1. Mind telling me which of the residues 104, 87, 78 ends up being in contact with a helix residue (DSSP H, G or I) (Cβ under 6 Å, 6 or more places away or on another chain) and either within 25 Å of residue 253 (Cα to Cα) or modelled with pLDDT under 95 (or both)?
2. From the list 75, 92, 65, which one is under 17 Å from the mean Cα position of the chain (by Cα) and either within 22 Å of residue 278 (Cβ to Cβ) or among the hydrophobic types (A, V, I, L, M, F, W, C) (or both)?
3. Where residues in the stretch 177-186 are modelled with pLDDT under 90 and of a type outside the set (A, V, I, L, M), which of them is surrounded by the most Cβ atoms within 10 Å (Cβ to Cβ)?
4. Against the condition within 18 Å of residue 359 (Cβ to Cβ), out of contact with any Gly (no Cβ under 7 Å at 6 or more places or on another chain) and among the small types (Gly, Ala, Ser), how does residue 242 come out, does it pass?
5. List pairs: first residue in the stretch 258-276 and more than 19 Å from residue 325 (Cβ to Cβ), second residue open to solvent by 20 Å² or more (accessible area, probe 1.4 Å) and among the aliphatic types (A, V, I, L, M) anywhere in the structure, Cβ distance under 7 angstrom, at least six positions apart or on different chains.
6. Scanning for something small (Gly, Ala, Ser) and at pLDDT 90 or above, does the stretch 235-251 turn up at least one residue?
7. For the stretch 91-110, give me each residue that is buried (at least 24 other Cβ atoms within 10 Å of the Cβ) and not acidic (Asp, Glu).
8. Please enumerate the residues belonging to the stretch 158-174 that are more than 14 Å from residue 188 (Cβ to Cβ) and buried (at least 19 other Cβ atoms within 10 Å of the Cβ).
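The values are calculated or read from the model by the stated rules, or taken from the named source; none is laboratory data. All figures in this text were calculated on a predicted structure; none of them were measured in a lab. Neighbour counts are summed over all protein chains in view; Cβ atoms, including those assigned to glycine, are modelled from backbone coordinates with ideal geometry. Ligands, DNA and RNA are excluded from the accessible area calculation, which covers all protein heavy atoms including side chains. Shrake-Rupley method; radii C 1.70, N 1.55, O 1.52, S 1.80 Å.
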Amino acid sequence: MKPVVAGLALLLVLGGTVPVVHADMVTAAEPASDRPVLSEIERRGVVRCGVSFNPGFAANDDAGRPVGFMVDLCRALAAAVLGKADAIEIRRLSKPQEFAAVAAGEVDVSFAQTSWTMTRDAAYAVDFGPPVFHDVQGIAAWRRPGGGSALEGGELTVCVPAGTTTQTTMEALAGGGKRIWRLRSFPGWPDALEAFLGRDCNAISADRAMLTTALHALDASRNPQGQFPANSLEITDAPAAAREPIAPLTPNSDRMWMAAVRWTIYALILADDAGVTGSNANFQRITGSSEIRRLLSGLPDVAAKAGLRPDWAYQAIVQVGNYGEIFERNLGARSPYKLDRGSNRPWTQGGLLYVPVFQ
């Protein structure tokens, strides 16, 4: 296991030509009072990111270093803002602690695998960035004696983390049709998982990718053979599975910082769609399409308006990789989990990842 420019034009400057500045582009530096998060990050020298520890998404490796999909998004953001991908500080957050931590300034941004909902958007002093992972709600269950599915009718006790979209969806499903499902809520995901593994519940529900990576990691760590008993466990989409758009959180008091987070993520997604990788970004800077050249060689004045370095996207991609590279090494084919990208592909490849135009 081991992310700018909001609504402004990006113009490529080649051959020493003088950059063209449109009338709607304000190039004066923002006062520090209007960019409190960025000013503090520059003073501090690190970007503080909140995460929820889940295998593949965020965890410590054998050397104690934070690694994972969400950690790499934090690293890309640090490369874009500070020019150094490793200038990060990772703070572990227990859900739903991320809302208070962001609003109070304890972290600059949360990548704590939070689903974007209207209620959360309206209720908390945070802004949601673009979804960085599209998931669905899943359910895992111990099979019945003889190998039959525990999900096919009958009684089922389901562990769920309290105060989550998972709990709300399962409450609506419990008792529907032939199902007799009883829910047991726990303060957090680790508690629910531990209860399930202890057979206090014969099923557990959460985001499907999180279920898959967590149970895979436990296969290897708890069983000498590296597997649960053969065919003892099934993981599938929950009935009428809820969509789970996982998005970062920033304070809603700093629009400039939100722009930096938003466009760094968009840059990683666009690079993935266009085939710009960490190894070929330098070449694409010269030979790529006009949009890619604008992305990798943005105007300094425009980048500054979003709190980013002049070469923000180039640094993020070269130092960390595009979205697809980040996905594959942490969750996909190059990881132990082998998750299919599914909806987490660019829109041109049948996925849900779509970005505004870089111009």
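1. It is 87.
2. That would be 75, the only listed residue that is under 17 Å from the mean Cα position of the chain (by Cα) and either within 22 Å of residue 278 (Cβ to Cβ) or among the hydrophobic types (A, V, I, L, M, F, W, C) (or both).
3. 181
4. Details: within 18 Å of residue 359 (Cβ to Cβ): no; out of contact with any Gly (no Cβ under 7 Å at 6 or more places or on another chain): yes; among the small types (Gly, Ala, Ser): yes.
In short, no.
5. 259/6; 262/6
6. Yes: the stretch 235-251 contains one or more residues that are small (Gly, Ala, Ser) and at pLDDT 90 or above.
7. Filtering the stretch 91-110 down to residues buried (at least 24 other Cβ atoms within 10 Å of the Cβ) leaves 93, 98, 102, 107-110.
Selection gives 93, 102, 107, 109, 110.
8. 158, 165, 169, 170, 173
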